[in-house]
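Here is the structure we will look at.
The values are calculated or read from the model by the stated rules, or taken from the named source; none is laboratory data. For clarity, every value in this text was computed on a predicted model and none was experimentally measured. Ideal geometry is used to build each Cβ from the backbone, glycine not excepted, and the neighbour counts take in all protein chains shown. What goes into the accessible areas is simple: the full protein's heavy atoms, side chains included, and nothing from ligands, DNA or RNA. Shrake-Rupley method; radii C 1.70, N 1.55, O 1.52, S 1.80 Å.
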Amino acid sequence: LDDQRVFVTGLSAGGCMTSALLAVYPDFFRGGAIHAGVEYGCVHNPMVARECMQSPSQGSGEVIRKANPEYKGPWPKVLVFHGTDDRLVAFAHVDSHVNQWTNVHGTDNVADVTGSLGKMTVRHYQNSQGQNVVETYAINGMRHAVAIAPGTAEEQCGSAKSEYYADVGVCSSHIAAKSWGITRKTPAS
């Protein structure tokens, strides 16, 4: 595999696993997309998982650095997608992810770019070279789900046949692939 093209993504417990994989194996992944997952280190055992889902930690970069203390390479780019109406995993986890990953990347936790995309409020956190290292996508009104835009066009994806997919008119998978630079390129006209 081309180690510059390995990414991980997951929803809920899979989002938590995504965060853990990025923290513990930063040399294996170039980036990850966390969908409605808790930050790394919030859950220490199964008994506190439900409590953590509603009460995020402050998000410590030190917890990530302790997961792989010998690692000196570049940290993965992190995207966080989370619905504002998520009743299962508190929306406040977005800020915990921001605090954790901007600290690891050595940048502040104040968004350098803020905007909107459809129903999403988008925030980008950049390093000193102006590269986005953390991106958050707050999907207004979305429950605990993955954001999709049904259809077959390049910027569309999925179908809302399960409670864990929400048609919000924006495909989070396409956004992640575009952010990571792995989308198909169309010839210039």
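Quick test of your reading: applying the under-4.7 Å Cβ rule, which cysteines of the chain are isolated?
CYS16
In sequence order, what are the phi-derived ³J(HN,Hα) couplings for the stretch 108-113 according to the Karplus relation 6.51 cos²θ - 1.76 cosθ + 1.60 with θ = phi - 60°, rounded to whole Hz, with x for glycine and proline?
Working through the residues one at a time gives 7, 9, 9, 4, 7, 9 Hz.
Can you tell me the accessible area per residue over the chain, all protein chains present, probe 1.4 angstrom, in square angstrom?
53
What would the Debye equation give as log₁₀ I(q)/I(0) for the stretch 94-178 at q = 0.11, 0.13, 0.19, 0.26 Å⁻¹, counting only Cα atoms as equal point scatterers?
-0.34, -0.47, -0.86, -1.20
For the chain, set up a Gaussian network in which alpha carbons nearer than 10 Å are linked by springs, and say which option among ALA13, ALA177, ALA166 fluctuates the most.
Per the Cα network of the chain with a 10 Å cutoff, ALA177 tops the list.
Run the accessible area of the chain with a 1.4 Å probe and give the carbon-and-sulfur part as a rounded percent.
Of all accessible area on the chain, carbon and sulfur atoms account for 52 percent.
Most mobile of MET120, MET17, MET47 per a Gaussian network model of the chain (Cα springs, under 10 Å)?
Of MET120, MET17, MET47, the most mobile in the Gaussian network model is MET47.
Return the Cα extents of the stretch 46-189 along principal axes one, two and three, sorted largest first, each rounded to a whole Å.
Principal extents (Cα only, largest first): 45, 42, 26 Å.
If amide hydrogens are placed 1.01 Å from N in the peptide plane, which non-local residues have theirs closer than 5 Å to the one on TYR165?
Sorted by chain and number, the residues that satisfy this are VAL146.
With every protein chain left in place, what is the accessible area of SER60 in Å² (1.4 Å probe, nearest 10)?
50
Compute the relative contact order of the stretch 59-118 as a whole-number percentage, counting only Cα pairs closer than 8 Å that sit 6 or more residues apart in sequence.
Computed value for the stretch 59-118: 46 percent relative contact order.
For LYS119, give me every one of the lysines with a C-alpha distance below 21 angstrom, ignoring sequence neighbours fewer than eight places off in its own chain.
Partners within reach: LYS161, LYS178.
Taking Rh as the Kirkwood radius, which is the inverse of the mean 1/r over Cα pairs, what is the Rg/Rh value for the stretch 1-127?
So for the stretch 1-127, dividing Rg by the Kirkwood Rh gives 0.95.
Which residues' amide hydrogens lie under 5 Å from the amide hydrogen of GLY31, considering only partners 5 or more residues apart or on another chain, with H built in the peptide plane?
VAL8, LYS77
Can you list the residues, at least 5 places off or on another chain, whose amide H is less than 5 Å from the amide H of CYS42, using H built in the peptide plane?
none
Mind listing which GluC sites (Glu not before Pro) in the stretch 84-186 are in a DSSP loop and have 11 or fewer other Cβ atoms within 10 Å?
In loop regions of the stretch 84-186 (DSSP not H, G, I, E or B), the sparsely surrounded GluC sites (Glu not before Pro) are GLU163.
From the phi angles alone, apply the Karplus equation (6.51, -1.76, 1.60; θ = phi - 60°) to the stretch 66-76 and give each ³J(HN,Hα) in whole Hz, x where the residue is Gly or Pro.
5, 5, 8, x, 7, 6, 10, x, x, 8, x
In percent, what relative contact order does the stretch 1-152 have, based on Cα pairs under 8 Å that are 6 or more apart in sequence?
Reported as a whole number, the value is 22 percent.
Once you've got the GNM for the chain with C-alpha springs shorter than 10 Å, pick whichever of VAL146, VAL24, VAL98 has the biggest mean-square fluctuation.
In this elastic network of the chain, the residue with the biggest mean-square fluctuation among VAL146, VAL24, VAL98 is VAL24.
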